[in-house]
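Okay, so here's the structure we're looking at.
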Amino acid sequence: MAIGLPRGSSLPDHARGWGQFVYADDGVGRVVVDDASWVLPPTRGLWVPPGVRHQLLCITDLSLRTLYFPPEALPTLPGRCVVVEVGELLRALVGRVAAAPLADGPPHHRLIAVLHDELAAADVSRLELPLPRDPAARAVAERILDRPGSRRSLDALCAGLGASRRTLERRFRDQTGLSLGAWRSLARLHHAVVLLGSELAVYEVADRVGYESVSAFVHAFRGCFGVTPGVFRVR
């Protein structure tokens with residue numbers, strides 16, 4: 001299925017009995033589930049297994065491609081949501097299959113078989129922002145997500161939530177696999193992807209997500225995503 005969605009729109013929380021591969025060949029989106037969220041630039045797609053409730057938010061105008069896979073014919077991908085790198089061949093296959101009417105016969109079967117092979121061979125990328133389940137820790141996460149570029153100290157972010165900084169640190173490590181400071185850094189970089197999709201210059205994005213210098217921002221961004229911020233800019 002191929003559809004266009006305007007900036008600021010969303011697809012409401014839902015789940016399907018089929019697996020889905022969600023890919024925007026133009027624009028930037030965010031997919032949210034109960035315990036994680038992902039940013040999706042045009043170089044990545046998201047695999048959503050059957051039965052997983054999720055919501056799509058349009059950061060920019062989106063040209064969205066969604067492929068559906070019946071339970072008896074799922075591609076060789078994990079039983080959890082993962083971000084998949086979309087190379088040139090996979091991009092072409094997704095576009096061809098999404099735009100084509102339902103068909104049967106050997107040509108269609110061969111096309112789907114190649115698509116399965118490409119999905120199985122694609123690299124899995126870390127664009128996931130895990131979200132804590134504990135209410136107090138989730139409140140800290142929401143404070144950070146509301147103002148990713150804030151210079152407030154971690155102690156100030158944890159204040160007034162009925163748990164000590166030390167307790168909240170432990171809950172973040174247990175439930176996200178990251179320290180609170182590392183989680184905040186990752187949240188800032190995720191927000192940077194969103195801002196890059198809004199056509200801001202790299203130096204402006206660096207400042208808005210709390211970095212003192214462009215070089216420090218570029219270094220952190222490359223360390224997280226494996227590419228420079230310029231790859232994510234809307235052109």
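The values are calculated or read from the model by the stated rules, or taken from the named source; none is laboratory data. Just so you know, these numbers come straight off a predicted model, no measurement behind them. All Cβ positions, even for glycine, are placed from backbone atoms using ideal geometry, and neighbour counts span all protein chains on display.
What to note about this one:
- Entry remark, segment 28-71: residues being closer than 20 Å to VAL94 by Cα and touching a Pro at 6+ places or on another chain (Cβ under 7 Å) number 6 in total.
- If the condition is being part of a loop (DSSP other than H, G, I, E, B), under 23 Å from VAL194 (Cβ atoms) and at pLDDT below 85, then segment 99-149 contributes ASP123, ARG126, LEU127.
- A search for C-beta distances below 6 Å between a residue of segment 36-63 that is within 17 Å of GLY8 (Cα to Cα) and assigned by TED's automatic domain parsing to the domain that holds ALA120 and any residue that is part of a loop (DSSP other than H, G, I, E, B) and among the basic types (Lys, Arg), counting only pairs 6+ apart in sequence or on different chains, returns CYS58/ARG7; THR60/ARG7; ASP61/ARG7.
- Tallying residues that are among the small types (Gly, Ala, Ser), outside any helix (DSSP H, G or I) and crowded, with 17+ Cβ neighbours inside 10 Å within segment 181-223 yields 2.
- VAL227 meets all of the listed conditions (1) under 17 Å from the mean Cα position of the chain (by Cα); (2) assigned to a helix (DSSP H, G or I) but one, namely (2).
Yes or no, residue by residue, for (1) among the aliphatic types (A, V, I, L, M); (2) in contact with a helix residue (DSSP H, G or I) (Cβ under 7 Å, 6 or more places away or on another chain); (3) over 22 Å from PHE232 (Cβ atoms):
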| residue | (1), (2), (3) |
| --- | --- |
| ALA2 | yes, yes, yes |
| HIS14 | no, no, yes |
| TYR23 | no, yes, no |
| VAL28 | yes, yes, no |
| LEU57 | yes, no, no |
| LEU77 | yes, yes, yes |
| VAL82 | yes, no, no |
| GLY87 | no, no, no |
| LEU115 | yes, yes, yes |
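- When residues in segment 64-78 are screened for being part of a loop (DSSP other than H, G, I, E, B) and farther than 13 Å from ALA120 by Cα, 1 of them pass.
- Scoring LEU178 on the criteria (1) within 21 Å of LEU57 (Cα to Cα); (2) part of a loop (DSSP other than H, G, I, E, B); (3) modelled with pLDDT of 90 or more leaves a single failure, condition (1).
- Evaluation of VAL214 against (1) closer than 24 Å to LEU57 by Cβ; (2) more than 21 Å from the chain's Cα centre (by Cα); (3) β-branched (Val, Ile, Thr) (one fails), failing number: (1)
- Flag if ALA163 is more than 19 Å from LEU127 (Cβ to Cβ), outside the structural domain of ASP34 (by TED's automatic domain parsing), at pLDDT below 95 and out of contact with any Cys (no Cβ under 6 Å at 6 or more places or on another chain): yes
- Subset of segment 181-204 (residues that are over 18 Å from the mean Cα position of the chain (by Cα) and closer than 26 Å to ASP61 by Cα): GLU199, LEU200, ALA201, VAL202, TYR203, GLU204
- Residue count for segment 120-157 under the criterion of being touching a residue at least 60 places away in the same chain (Cβ under 8 Å), out of contact with any Phe, Trp or Tyr (no Cβ under 9 Å at 6 or more places or on another chain) and of a type in the set (Ser, Thr, Tyr): the result is 1.
- Among the residues of segment 139-148, those that are buried (at least 16 other Cβ atoms within 10 Å of the Cβ) and either over 18 Å from the mean Cα position of the chain (by Cα) or polar (S, T, N, Q) (or both) comprise ALA139, VAL140, ARG143.
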